[in-house]
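Engineer: Before I ask anything, here is the structure I am working with.
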Amino acid sequence: MSVVSKGLEGIVAAETRLGEVKGAEGVLFYCGYDINELVKLTYEEVVHLLYYNKLPNKAELEALTSALRAERELPDGVIDFLKTAPKTAKPIDIMRTAVSMLGCYDQKRHDIEMSENLANAIRLIAQIGVIAAYFHRARQGLDLPPVRKDLSEAAHFLYLMTGEVPSKEAERTLDIAYILHAEHGFNASTFTARVVASTLSDMYSAISAAIGALKGPLHGGANEGVIHMLQEIGSLDKVDAWMADALAQKKKIMGIGHRVYKVLDPRAPHLREMAIKLTEQLGEAKWIQMSERIAQIMREQKGLNANVDFYSATVYYSLDIPTDLFTPVFAIARMSGWTAHVLEQWSENRLFRPLSEYVGKPYGQKVVPIEQR
Ligand SMILES: CC(C)(COP(=O)(O)OP(=O)(O)OC[C@H]1O[C@@H](n2cnc3c(N)ncnc32)[C@H](O)[C@@H]1OP(=O)(O)O)[C@@H](O)C(=O)NCCC(=O)NCCS
């Protein structure tokens, strides 16, 4: 009998040069660079690192930045969709559908050269934030400002969402959040993208499937769950009683625990630091105080630590990003990692086709005529 690893835990499904999560040590690196080094860069430099496996020099960064900024405009049909989609739809569903639509506007998407695939990847990074921001404006009945070419990826998203160029501090905060979320090995959504790519399907199918995987509350959807939990608890003095009740009911506490990290998620301290600073500036320190107490209870009572979603929720909240855009923001950042993995999959493709262990009725069942069943 073969060994079944539920959830593929501990299984190495492929090689990658992109990122590694060292769960026992709490270390994360992209292309050899520790996450604590990567936060000194800009998101665009990290995109270059993931696509070309090297940090860009000035000319290379300029070339990639110009390519990204030149591709921001969406096809009219996608804009029409964003304007006419149900205003009550979840932005993450809109995003998944809009990426799929982009595939319909790209007639060359099948059997294309690697350089075309890279161009598609760059276009997806350039357009994904525009999709989320435009839908958010359209659902409020606001106009859709034309895209601009003079803003970074992070600043452009905040600009389109609010209609105002963000402060340097807000831009840098989101930029760091993008860097921290860009890549994370074979997590569920990246693995989904690689499985789809391995059939030699196209980039848009792989990425829309990845967005579908990300939205689940056990994956990227957890960041929205964190803010809902904090709002439900309401104040610091209610945390202990709420947690005692939740743990007694065996509820999963969003933003806590991880399949691979058995110590603190190395992204969490960066987000925690930003969350402390931002909430203090806003005069709303209660959110971080509640978060700290929840994290302490989980550490002491369950031996579980905060993950990337725990503090990113408070960071996004402090940046005035609406709760239902938290997971889309994760998707915007992860677009670089997903597309880099799809390109890597195609550079050395082998179809993913695992086995399953059959545990159903014994072999040899005979068909009984329908009247006798
Ligand atoms: C991320 C996650 C899915 C990892 O799951 P996993 O590796 O399959 O771990 P398990 O669900 O098997 O959990 C192992 C044990 O820890 C407990 N546990 C794990 N995460 C928990 C959480 N967030 N709250 C409460 N208990 C938790 C489980 O109940 C289980 O306890 P048991 O052995 O008594 O049954 C899980 O920790 C989780 O659901 N976290 C909340 C969602 C989240 O933040 N996701 C974002 C991940 S980046």
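Engineer: Which residues, taken from the stretch 85-136, are β-branched (V, I, T) and either outside the structural domain of L160 (by TED's automatic domain parsing) or not in a helix (DSSP H, G or I) (or both)?
Structural biologist: T88, I112
Engineer: Does E224 satisfy being surrounded by 20 or more Cβ atoms within 10 Å (Cβ to Cβ) and more than 10 Å from the ligand (Cβ to nearest atom)?
Structural biologist: For E224, the condition - surrounded by 20 or more Cβ atoms within 10 Å (Cβ to Cβ) and more than 10 Å from the ligand (Cβ to nearest atom) - is met.
Engineer: Which members of the stretch 52-82 meet the condition of being surrounded by 13 or more Cβ atoms within 10 Å (Cβ to Cβ) and of a type in the set (K, R)?
Structural biologist: R69, R72 - these are the residues of the stretch 52-82 that are surrounded by 13 or more Cβ atoms within 10 Å (Cβ to Cβ) and of a type in the set (K, R).
Engineer: Report whether or not I11 is within 16 Å of the ligand (Cβ to nearest atom), surrounded by fewer than 19 Cβ atoms within 10 Å (Cβ to Cβ), β-branched (V, I, T) and farther than 20 Å from L343 by Cβ.
Structural biologist: yes
Engineer: To continue, here is another question. What is the residue count in the stretch 281-328 for residues that are of a type outside the set (A, V, I, L, M), closer than 24 Å to E183 by Cα and either away from the ligand (no atom under 16 Å from the Cβ) or in a helix (DSSP H, G or I) (or both)?
Structural biologist: Residues that pass the stated criteria total 14.
Engineer: Going through the stretch 313-336 one residue at a time, which ones are polar (S, T, N, Q), buried (at least 24 other Cβ atoms within 10 Å of the Cβ) and over 13 Å from the mean Cα position of the chain (by Cα)?
Structural biologist: The answer is T314, and nothing else.
Engineer: Search the stretch 247-259 for residues being buried (at least 17 other Cβ atoms within 10 Å of the Cβ) and either more than 8 Å from the ligand (Cβ to nearest atom) or of a type outside the set (A, V, I, L, M, F, W, C) (or both), and hand back the single one that is nearest to D309 (Cα to Cα).
Structural biologist: The qualifying residue nearest to D309 (Cα to Cα) is G255.
Engineer: Go through the stretch 30-51 and give me each residue that's surrounded by fewer than 19 Cβ atoms within 10 Å (Cβ to Cβ) and either part of a strand (DSSP E or B) or not assigned by TED's automatic domain parsing to the domain that holds I125 (or both).
Structural biologist: Across the stretch 30-51, the qualifying residues are Y33, D34.
Engineer: A further question follows. Answer with yes or no whether A331 is more than 18 Å from M274 (Cα to Cα) and within 15 Å of the ligand (Cβ to nearest atom).
Structural biologist: Spelling it out, A331 is indeed more than 18 Å from M274 (Cα to Cα) and within 15 Å of the ligand (Cβ to nearest atom).
Engineer: L55 - would you say it is outside any helix (DSSP H, G or I), touching a helix residue (DSSP H, G or I) at 6+ places or on another chain (Cβ under 6 Å) and at pLDDT 95 or above?
Structural biologist: yes
Engineer: Which numbered condition in (1) in the same structural domain as F186 (by TED's automatic domain parsing); (2) within 14 Å of the ligand (Cβ to nearest atom); (3) without any contact (Cβ under 8 Å) to a residue 24 or more places away in the chain; (4) not aromatic (F, W, Y) is the only one that A209 fails?
Structural biologist: The single condition A209 does not satisfy is (2).
Engineer: Further, regarding this structure: Look at A340 and say whether it is in the same structural domain as Y159 (by TED's automatic domain parsing), in contact with an Asp or Glu (Cβ under 9 Å, 6 or more places away or on another chain) and more than 25 Å from Y159 (Cβ to Cβ).
Structural biologist: For A340, the condition - in the same structural domain as Y159 (by TED's automatic domain parsing), in contact with an Asp or Glu (Cβ under 9 Å, 6 or more places away or on another chain) and more than 25 Å from Y159 (Cβ to Cβ) - is met.
Engineer: Name the pairs: first residue in the stretch 286-302 and over 13 Å from M254 (Cα atoms) and in the same structural domain as K251 (by TED's automatic domain parsing), second residue part of a helix (DSSP H, G or I) and of a type in the set (G, A, S), Cβ to Cβ under 7 Å, at least 6 apart or on different chains?
Structural biologist: Partner pairs satisfying both residue conditions: I288/A275.
The values are calculated or read from the model by the stated rules, or taken from the named source; none is laboratory data. None of the values given here were measured: they were computed from a predicted structure. Neighbour counts are summed over all protein chains in view; Cβ atoms, including those assigned to glycine, are modelled from backbone coordinates with ideal geometry.
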